[in-house]
Amino acid sequence: MKSSRLLCALLAVLVLLCGCEKEPPPPEEPEEEESHIATLLAMDTVMKLTVYGPDGQTAADRASARIEELEALLSVTDEGSEIFAANHSEGAAVPVSSDTAALLRKALELCGASEGTLDVTVYPVVRAWGFTTGNYRVPETGELRELLDRVDYNRVSLEGGTLTLPAGTEIDLGAVAKGYAGDQVMASLKAQGVSSAIIELGGNVQALGSKPDGSPWRVAVHAPDGSGYAGVLEIRDQAVVTSGGYERYFEEDGETYWHIIDPATGYPAKSGLASVTVVSESGVEADALSTSLFVMGRERAAEYWRAHGGFQCILISEDGSVAVTEGLEDSFSLYGSWSGRPLEVIRSS
């Protein structure tokens, strides 16, 4: 058995790209505008906040403190967090903060809209596979069946600031927490007068405004086969989140098992997709949908986009084919060794 190392970042922020097919260079800071950087380890990943402007360092530091505040509330393993308290309440009602309530309310809404392909109560199943502990294993069928009996987001009761979980039900907001943190960082930076910033929260990238020179931010989307970058995306005031089976996985007896679990089966999702990248003005929406669309697969994901809208996505299938929704037709381009491949555009009608 072996595990992959967790990729530090699924997306790389690019300010300039070279014309050759080598890997893009690191970001270059515009000479006319000073950048201020804050880095931290939070939510089980390395985070980097790059803020432009004269008071950028103060703004970046305050935003970092906001992330740490959220982590203390939302961590599934921290014994002092509100989520830990709810998961160990044995059915008793637990008071939660406005942040926890707001995020959980949005998560439950997305669970419903996605018809359960996103389910915040799948945590016991994910834990059984070892993806939360690193002790990877393939659970027995009977064990999974028993755990799946406890998976149902409809059992979560949230009344105002009071959260109640039935005994045995546990929640994990990991599929939406970084997205929510990104949205809160954006709000913090705007409140401090910042108009240009880019943040990297593990696999989540979120931009405030444009680059200081007015041009769009350029984000590189990783190739799920490990061949570098599959494409480059231009964004302004948007979040970009990628989910893929290659992020965290293990192998046993010649089979590969990844961390994106289908709540309907309890097994890693086998949908034919290798990665999903979602682009949205909402970080929490992009975070949630990158997971649920992966579980859905290519056709269901396209239908979900047509039915709900409000976001765009890039779907890379296991056979190497690439499709984008029509809103990205002019802002996404294939890159490097992927540049010669056909690019399908998914239309709304």
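Annotations for the structure displayed:
- Restricted to the range 68-89, and to residues there that are part of a helix (DSSP H, G or I), out of contact with any helix residue (DSSP H, G or I) (no Cβ under 9 Å at 6 or more places or on another chain) and more than 11 Å from THR100 (Cβ to Cβ), the residue that is most open to solvent (accessible area, probe 1.4 Å) is GLU68.
- Of all the listed residues (ILE67, ILE83), the sole one being in contact (Cβ under 8 Å) with a residue 60 or more places away in the chain and under 21 Å from THR162 (Cβ atoms) is ILE83.
- Some residue of the range 292-313 being assigned to a strand (DSSP E or B) and modelled with pLDDT of 95 or more: yes
- Long-range neighbours under 7 Å by Cβ, at least six apart or interchain, first residue within 17 Å of ASN204 (Cβ to Cβ) within the range 233-258, second acidic (Asp, Glu) and open to solvent by 50 Å² or more (accessible area, probe 1.4 Å): ASP237/GLU281; GLN238/GLU281
- Residue within the range 109-122 that is touching a Pro at 6+ places or on another chain (Cβ under 6 Å), among the charged types (D, E, K, R), touching a residue at least 24 places away in the same chain (Cβ under 8 Å) and not in a helix (DSSP H, G or I) present: yes
- Within the range 90-115, being of a type outside the set (A, V, I, L, M), surrounded by fewer than 19 Cβ atoms within 10 Å (Cβ to Cβ) and within 15 Å of THR169 (Cβ to Cβ) holds for GLU90, GLY91.
- In the range 149-157, the condition of being in contact with a helix residue (DSSP H, G or I) (Cβ under 9 Å, 6 or more places away or on another chain), closer than 28 Å to LEU40 by Cα and either touching a residue at least 60 places away in the same chain (Cβ under 8 Å) or open to solvent by 40 Å² or more (accessible area, probe 1.4 Å) (or both) is met by no residue.
Let's see how each residue does on (1) within 19 Å of LEU293 (Cβ to Cβ); (2) surrounded by fewer than 22 Cβ atoms within 10 Å (Cβ to Cβ); (3) in contact with a Cys (Cβ under 6 Å, 6 or more places away or on another chain):
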| residue | (1), (2), (3) |
| --- | --- |
| ILE171 | no, no, no |
| GLY174 | yes, yes, no |
| ALA187 | no, yes, no |
| GLY193 | no, yes, no |
| SER196 | no, no, no |
| ILE199 | no, no, no |
| GLN206 | yes, no, no |
| GLY209 | no, yes, no |
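- The residue that is farthest from ASN135 (Cα to Cα), among those in the range 206-249 that are of a type in the set (S, T, N, Q) and in a strand (DSSP E or B), is GLN206.
The values are calculated or read from the model by the stated rules, or taken from the named source; none is laboratory data. Small disclaimer: the values here were computed from a predicted structure and weren't measured. All Cβ positions, even for glycine, are placed from backbone atoms using ideal geometry, and neighbour counts span all protein chains on display. Protein only, heavy atoms only, side chains kept; ligands, DNA and RNA dropped before computing areas. Shrake-Rupley method; radii C 1.70, N 1.55, O 1.52, S 1.80 Å.
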